[in-house]
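The structure appears below as structure tokens.
Please treat every number below as a calculation from the coordinates, not as lab data. All values derive from a computational prediction rather than experimental measurement. Cβ coordinates were reconstructed from backbone atoms using ideal geometry, including for glycine residues, and neighbour counts include every protein chain displayed.
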Ligand code: SAH
Ligand code: SF4
């Protein structure tokens with residue numbers, strides 16, 4: 001096959017108005033529109049979808065089932081680039097962290113946690129976070145914006161590039177699970193998160209089952225029903241306290257949506273049953289939320305909800321005012337829950353040495369002033 005013979009038959013394609021657009025992040029309908037605008041039938045959009053999301057093509061030349069003229073037309077009008085990797089780190093425990101830089105210079109972190117029986121990719125939904133949970137590094141970042149659908153999807157695609165597992169359906173995948181537990185509050189960026197997860201769940205796309213995707217929220221109550229109805233992914237809720245007085249301080253969103261309202265939304269979350277429980281995340285903060293009384297109260301709060309509790313040893317970051325609970329207190333807390341019939345494993349911290357563990361992610365921006373942090377810690381202990 002001679003490239004020159006073909007190229008003689010058509011002039012180099014001129015881009016349509018509006019400049020080159022990124023194909024990554026497009027829904028099926030958007031890709032069909034894009035292909036139609038180039039004068040091609042809808043089935044070409046399905047082929048293109050397959051190349052982009054299922055095969056992970058990073059250029060148009062590789063799309064050999066498409067004609068050369070069409071590939072040239074696509075190349076003139078679209079891009080399928082990945083974000084720039086500003087830095088890549090590997091922890092002594094095998095956890096990998098990528099700092100990704102987007103076109104406007106903003107950065108987010110994506111973390112891959114390989115385990116024996118699965119591999120979890122922790123992705124971000126926002127640059128920074130508008131919520132200011134007192135124990136969370138991300139919450140101290142002042143600069144915040146939503147990630148686009150493209151920026152969310154491309155975290156998964158970049159990780160697949162790095163781990164080397166295209167096509168998406170390949171056997172023995174290393175990335176088996178996705179958790180929206182990186183930077184940001186996913187339910188504050190629901191539309192983009194939803195479109196991204198639909199691409200992630202498409203069997204001809206990135207091909208993750210909704211059962212392998214978990215969205216973690218700090219408790220944006222009015223969005224939880226939509227999340228359940230439109231995505232049906234597993235839900236994780238950052239509870240962290242059993243009394244409003246404490247939660248108001250460490251998760252300030254609680255002042256808007258208190259514990260009772262949050263638990264009602266959990267009870268109403270569709271598809272929840274004993275085989276598919278809601279995960280309640282509970283960060284263990286010494287002297288703040290880790291007493292035996294707290295553990296008993298937690299078991300009481302969850303008694304009519306199919307729930308499991310994930311006890312997260314607090315991960316410190318430079319300058320934070322809190323300390324992690326003592327190991328014996330965490331174990332006792334777990335035992336009390338287990339005795340009450342609530343499974344409460346202690347999450348093994350991963351990637352601490354590269355600041356990749358829960359709540360340590362932060363890309364840029366300023367930290368809170370030391371005096372602010374001391375004031376907030378005093379508020380809780382008071
Ligand atoms: N914004 C969402 C998802 C991202 S945070 C949410 O808050 O649920 C993912 C989890 O890490 C949350 O449960 C969060 O509370 C927890 N976390 C935050 N900072 C932490 C820290 N320093 N140590 C341990 N866990 C932390
Ligand atoms: Fe935002 Fe979640 Fe951190 Fe709270 S814990 S500040 S909601 S990222």
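Seen against the Cα atoms of the chain and their longest principal axis, helix 149-163 is set at about 90 degrees.
Run the helix sum for the chain: -39,500 (n - 2.57) per DSSP H stretch of 4+ residues, divided by residue count, reported at 222 nm to the nearest 500 deg cm²/dmol. Write out the running numbers ahead of the final one.
Numbers: 12 runs with 121 residues, N = 382.
For the chain, the value works out to -9500 deg cm²/dmol.
Centre-to-centre separation between the Cα atoms of the range 35-79 and those of the range 145-208: 21 Å. One decimal place: the segment residue 296-residue 210 gains 27.7 nm when fully extended, by the rule 0.36 nm per residue minus the C-alpha distance.
Among 59, 184, 105, the largest mean-square fluctuation in a Gaussian network model of the chain (Cα springs under 10 Å) belongs to 105. Just to confirm the number: angle between the C-alpha axis of helix 327-339 and the first principal axis of the chain, 0 to 90 degrees, nearest 10? Result, in degrees: 90.
For the chain, the extents of the C-alpha atoms along the principal axes are 79, 43, 38 Å, listed from largest to smallest.
What order do you get for 161-171, 186-196, 112-122 when each peptide is scored by the mean count of other beta carbon atoms within 10 Å, highest first? Walk me through the numbers before you get to the answer.
Details: 161-171: 14.3, 186-196: 21.3, 112-122: 17.5.
Order by mean packing, descending: 186-196, 112-122, 161-171.
Quick check: from the Cα gyration tensor, does the range 21-79 come out rounded (a/c under 1.5), prolate or oblate? Rounded.
With a/c under 1.5 counting as rounded, go ahead and sort the range 49-194 into rounded, prolate or oblate using the C-alpha gyration tensor (a ≥ b ≥ c being the square roots of the eigenvalues; past the cut-off, prolate if a/b is larger than b/c, else oblate). Kindly include the intermediate steps, with their values, before the conclusion.
Working: a/c = 2.23, a/b = 1.44, b/c = 1.55.
Note, shape of the range 49-194 comes out oblate.
Using only alpha carbons, the range 129-264 has a radius of gyration to Kirkwood radius ratio (Rg to Rh) of 1.00. Per-peptide packing, taken as the mean over residues of other Cβ atoms within 10 Å, places 67-75, 233-241 in the sequence 233-241, 67-75 from highest down.
Maximal additional length on extending the residue 245-residue 79 stretch stands at 54.7 nm, based on 0.36 nm per residue less the C-alpha distance. Taking the chain as the reference, fit the longest principal axis to its C-alpha atoms, fit the long axis of helix 370-381 to the helix C-alpha atoms, and give the angle between the two in degrees, 0 to 90, nearest 10. Once rounded, one gets 50 degrees. The distance linking the range 260-306 with the range 315-359 is 16 Å (Cα centroid to Cα centroid, whole angstrom).
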